[in-house]
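Shown next, in structure tokens, is the structure this report addresses.
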Amino acid sequence: MVTYKDFNGDPFKGRVPGDETKGAAKVLEWAYSTYGDSIIYACSFGAEGIVLVDLISKVKEDASITFLDTGVHFKETYELIDRVKEKYPKLRITLKKPKLTLEEQAQKYDPELWKTQPDLCCFIRKVRPLEEVLYGVPAWISGLRREQSLSRRKTDFVNKDDRFKSIKVCPLIYWTWEDVWRYIRVNSLPYNPLHDNGYPSIGCAPCTSAVSGSGDSREGRWAGLEKTECGLHIQGRPSLEK
């Protein structure tokens, strides 16, 4: 079995796929044949997430999927997760909560930490929980696309992830926003209705706003701040929790 210690590069690097999934199906088949039950999909249940859930279900119908439940997601997101569970009953979908409740976080730090120290809030409610999920796990799947932002344009199908000491598999790197929605519509997949109201990327409710559509798909995340990532995809990030 391949692990981050003997990772020797991206077996799909440089190949521009010609199939309708732009290589995603082939990458997922490779990932599950290589890692089996040990690979985890960390899903945000955005548009890309719904596509990957469907593609994964065709490769491994009982795959493990984790949602980082920060406690401050939109109600529409939680409702979508329930709909996905009904559509794919064999998938093992779990909601991972942080060790600190929102009340405990408010008492220890700030009632609205996402405003005063957004990086710390993301670390406590997303990065640390994913560290716990991925501890000892050889590989995980992410819905990153190169088109999403400048920081993601060099993402490969298979990436050495020093942040979580794992291999990060990104099957959708060549997909455009149009590709994502074409797949959702052709396959009549459930999706978050907020996407129809100007929310291309959906995270926690306090940190996500509608956009005009003129910027990149991450424009509505932490609007007004220089912050563009929660920290899950930033390599070598030190611990922020005190």
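Every read-out reported here was derived from the displayed coordinates using simple, explicitly stated rules and does not represent laboratory data. The structure presented is a predicted model; accordingly, all values stated were derived computationally and were not measured. FYI the Cβ positions are ideal-geometry reconstructions off the backbone, even for glycines, and counts take in every protein chain you see.
Remarks
- For Ser151 and Val59, the difference between the fully extended length at 0.36 nm per residue and the C-alpha to C-alpha distance is 30.2 nm.
- Summing +1 for each Lys or Arg and -1 for each Asp or Glu among the other residues whose beta-carbon sits under 9 angstrom from that of Lys97 gives +2.
- Lysine pairs in the range 64-170 with Cα atoms under 12 Å, if 8 or more residues apart or on separate chains: 4
- Charge tally in the Cβ shell below 13 Å around His195, where Lys, Arg are +1 and Asp, Glu are -1, His195 excluded: -2
- Computed from the Cα positions only, the extents of the range 56-127 along the three principal axes stand at 43, 21, 16 Å, in decreasing order.
- The range 99-145: projected area of the alpha-carbon convex hull, averaged over directions, in nm²: 4.3 nm²
- Once divided by 2.2 N^0.38 Å, the Cα radius of gyration of the range 125-171 becomes 1.17.
- When peptides 36-46, 70-80, 162-172 are ranked by their average number of other Cβ atoms within 10 Å per residue, the highest-first order is 162-172, 36-46, 70-80.
- For Ser166, distant residues with modelled amide H under 5 Å away: Asp161
- Fully extending the segment from Lys26 to Lys97 would add 22.4 nm, taking 0.36 nm per residue of separation and subtracting the current Cα-Cα distance.
- Sites listed here are trypsin sites (Lys or Arg not before Pro) in the range 96-140 whose DSSP assignment is loop and whose Cβ has at most 13 other Cβ atoms within 10 Å: Lys99.
- For the range 113-126, Karplus couplings with θ = phi - 60° (6.51, -1.76, 1.60), whole Hz, Gly/Pro x: 4, 4, 8, 7, 9, x, 5, 5, 4, 4, 5, 5, 9, 10
- Taking amide hydrogens as placed 1.01 Å from N in the peptide plane, the amide H of His73 sits under 5 Å from those of Ala205, each at least 5 positions away in sequence or on another chain.
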